[in-house]
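The values are calculated or read from the model by the stated rules, or taken from the named source; none is laboratory data. As the structure is a computational prediction, the values presented were derived from the model and not from experiment. We place every Cβ from the backbone using ideal geometry, glycine too, and count neighbours over all the protein chains shown. Protein only, heavy atoms only, side chains kept; ligands, DNA and RNA dropped before computing areas. Shrake-Rupley method; radii C 1.70, N 1.55, O 1.52, S 1.80 Å.
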Amino acid sequence: MNKLTIITPDDWHLHLRDSPFMEAVVADTARQFGRAIIMPNLSPPVRSCADAMAYRQRILAALPAQSHFTPLMTLYLTDNTSVEDIQAAGESEFIHGAKLYPAGATTNSAAGVTDLAKLDRVFEAMQEHRLVLQVHGEATAPEVDIFDREKVFIEQSLCRIRKDFPELRIVFEHITTLDAVEYVRAGDGFLAATITPHHLLINRNAIFQGGIRPHHYCLPVAKRERHRQALLDAASAGEARFFAGTDSAPHSKDAKEAACGCAGIYSAHTAVELYAEAFELAGDFSNFEKFMSCNGADFYGLPQNSGTLSLARNEWLVPDSLPYPDSSLVPFRAGETLHWKVVDGE
Ligand code: DOR
Ligand code: ZN
């Protein structure tokens with residue numbers, strides 16, 4: 001197979017940051033995707049509808065001329081999120097969900113939720129207003145091993161939320177383990193998961209290959225090979241509950257290559273091509289379009305995009321770095337050869 005044409009895909013989990021950084025990255029996503037769920041972990045976070053609407057306007061202003069890209073907004077849940085905030089979000093055509101960051105789990109999560117029990121009325125309101133709960137599913141207690149955080153979160157938190165709010169639509173974001181794949185498979189139509197291109201392509205060895213590799217460090221951290229295999233299987237098998245969400249998370253080269261480097265992998269530059277590499281590894285493109293362009297829209301209750309995106313088999317070299325204010329940005333697979341290239345979108 002030398003050419004792939006799919007319905008214009010969507011990215012169901014994306015970090016765009018804010019001006020002036022957003023201007024350096026937004027065109028990469030807009031070139032390939034029709035829409036993206038825009039993560040709210042700015043500093044300060046996107047907590048209210050007013051915050052989300054203002055951020056949306058800044059994104060629209062940063063888009064290249066003629067772009068048809070649509071940002072889909074989500075609120076950042078805190079201990080103080082109110083039922084009124086959720087009601088207002090539910091009434092907004094631009095806000096599609098709310099994101100749960102356990103406090104301390106990742107970048108800009110300090111204002112996240114310290115005790116899930118405090119959110120019961122918020123979850124109830126989200127269920128009523130049919131907002132999607134996007135979950136960073138990692139337990140944060142210091143005694144939990146970093147490689148077990150996802151599994152422990154399922155056991156300690158996600159099972160309880162699902163039991164108490166059975167009709168709350170939940171996206172278990174950027175899953176990294178066989179445990180998460182099995183949990184989502186065993187669920188129902190109210191539960192789905194996003195899978196990143198990097199978790200389909202690397203296992204945890206990549207973080208330590210010949211030395212410490214900060215550009216392969218993200219959260220949740222990559223796991224063992226058997227977990228990567230499980231993710232690849234879930235993505236490529238065409239199951240409706242799994243779909244693309246890059247978690248592309250730009251941090252400057254300086255912030256990554258530091259004594260305490262930031263978590264996040266910048267994949268937006270080559271996102272669809274990276275997913276194509278992964279499906280090629282799986283040896284089956286028959287469900288590529290479902291994973292990239294259909295399953296997510298169906299779960300979010302949105303129409304599929306009307307355009308198409310084409311990729312051709314074509315070897316090309318990913319640049320070593322990209323422009324970024326005051327520094328540079330190292331894309332995933334920098335300096336390596338990819339075998340698929342986006343050739344046109346309409
Ligand atoms: O690696 C990550 N980077 N994981 C997250 O959950 C957040 C993200 C970021 O914002 O940099
Ligand atoms: Zn993320």
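Listed values, structure above:
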read-out	value
Dimensions (Å) - segment 1-155, Cα atoms, principal axes, largest first	46, 40, 30
Segment 1-84 - percent relative contact order, Cα under 8 Å, separation 6 or more	33
FRET efficiency estimate (nearest 0.05) - Cβ-Cβ, residue 186 to residue 118, R0 25 angstrom	0.35
Rg/Rg_globular for segment 9-306, with Rg_globular taken as 2.2 N^0.38 Å and Rg from C-alpha atoms	0.92
Solvent-accessible surface ranking, highest first, for 49, 218, 159, 260 at 1.4 angstrom	260, 159, 49, 218
21 Å tail of the calculated P(r), segment 153-277, as % of Cα pairs	42
Sites residue 145 and residue 328 - FRET efficiency at Förster radius 35 Å, r taken between beta-carbons, to 0.05	0.55
Surface share of carbon and sulfur [accessible, 1.4 angstrom probe, percent] for segment 9-306	49
Between segment 25-90 and segment 135-185, the Cα center-to-center distance that results, in Å	24
Modelled FRET efficiency - R0 51 Å, residue 83 with residue 257, Cβ distances, 0.05 increments	0.70
Accessible surface, per residue, of the chain when the full set of protein chains is kept, probe 1.4 Å, Å²	40
Segment 239-346: relative contact order in percent, alpha carbon pairs under 8 Å with at least 6 residues between	32
Rel. contact order, % - alpha carbon contacts under 8 angstrom, at least six apart, segment 52-121	30
Accessible-area ranking of 18, 11, 326, 148, largest first, probe 1.4 Å	326, 148, 18, 11
In Å², nearest 10: area of residue 339 left accessible to a 1.4 Å probe	60
Rounded to the nearest 10 Å², the accessible area of residue 79 at probe 1.4 Å	50
Considering only the chain, percent of DSSP beta bridges that pair antiparallel, nearest 5	35
Spatially close lysines, pair count over the chain: Cα under 30 Å, gap of eight or more or interchain	24
Radius ratio Rg over Rh of segment 98-189, counting only Cα atoms, Kirkwood formula for Rh	0.94
